1. Ignoring ligands, DNA and RNA, please state the percent of accessible area on the chain from carbon and sulfur, probe 1.4 Å.
2. With a 1.4 Å probe and all protein chains left in place, how much accessible area per residue does the chain have, in Å²?
3. Measure nothing fancy, just the Cα-based angle from helix 123-132's long axis to the longest principal axis of the chain, in degrees from 0 to 90, nearest 10.
4. Charges on Cβ only, +1 for Lys and Arg, -1 for Asp and Glu, centred on the Cα centroid of the chain; of G79, S5, V43, which one is farthest towards the dipole's positive end?
5. Suppose R0 equals 30 Å. What FRET efficiency, 1/(1 + (r/R0)^6) with r the Cβ-Cβ distance, do V92 and S35 give to the nearest 0.05?
6. Hey, what did the chain get for relative contact order, percent, Cα under 8 Å, at least 6 apart?
7. What's the extension gain from K115 to R17 if we count 0.36 nm per residue and subtract their Cα-Cα distance?
8. Are there any chymotrypsin sites (Phe, Trp or Tyr not before Pro) in the range 37-86 that are in a DSSP loop and have at most 13 other Cβ atoms within 10 Å? List them by number.
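The values are calculated or read from the model by the stated rules, or taken from the named source; none is laboratory data. Note that this is a predicted model, so its numbers are computed, not measured. All Cβ positions, glycine included, derive from the backbone under ideal geometry; neighbour counts span all protein chains shown. The accessibility values were calculated without ligands, DNA or RNA, using every heavy atom of the protein model including side chains. Shrake-Rupley method; radii C 1.70, N 1.55, O 1.52, S 1.80 Å.
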Amino acid sequence: MMSDSIKLSVTLSATPRLIYEAWLDSKKHSEFTGSKAEIQRKVGTNFTAEDGYIQGMNLTLYRFKKIIQTWRTTDFPEGSEDSNLEVNLDPVKNGTKLTIIHTNLPEGDGLKYRKTWRESYFIPMKEYFKKLE
């Protein structure tokens, strides 16, 4: 079976450390997405986001640099395997370039999740971190 992959980037006005810590904190993750998230800063722990629409597990955490997780939504076809999400945090002038590499998405869903990342994460994160300046 084929799968989709997407790669997206956004530049945020915050340090890699601030973004890393917010991503892996239930309260802050919920604040920047505007919906409930349960997550811990620990490898091997499960997480949920977007009020349970998204779930997965933390696989690898490179402090303030990279987060690797399994990731799936309640829309994934039954029996499909988890997708893989890599969140890269690279310091740039005036902030951080956040790059998402999302692989093994169900075939044909790349565009849908590209839109989801922009609308549910990138746009609200830009606002959230701008307010913290």
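1. Of the solvent-accessible surface of the chain, carbon and sulfur hold 51 percent.
2. Working: 7240 Å² over 133 residues.
Heavy-atom accessible area per residue stands at 54 Å².
3. Computed tilt is about 20 degrees.
4. Of the listed residues, the answer is V43.
5. Numbers: r = 28 Å, r/R0 = 0.93.
That pair, V92 with S35, gives E of 0.60.
6. Value for the chain: 32 percent.
7. On the way: separation 98, 0.36 × 98 = 35.28 nm, distance 2.56 nm.
So the chain would gain 32.7 nm between K115 and R17.
8. On the way: sites: F47, Y53, Y62, F64, W71; in loops: Y53, F64.
Of the chymotrypsin sites (Phe, Trp or Tyr not before Pro), not one in the loops of the range 37-86 has a Cβ with at most 13 other Cβ atoms within 10 Å.
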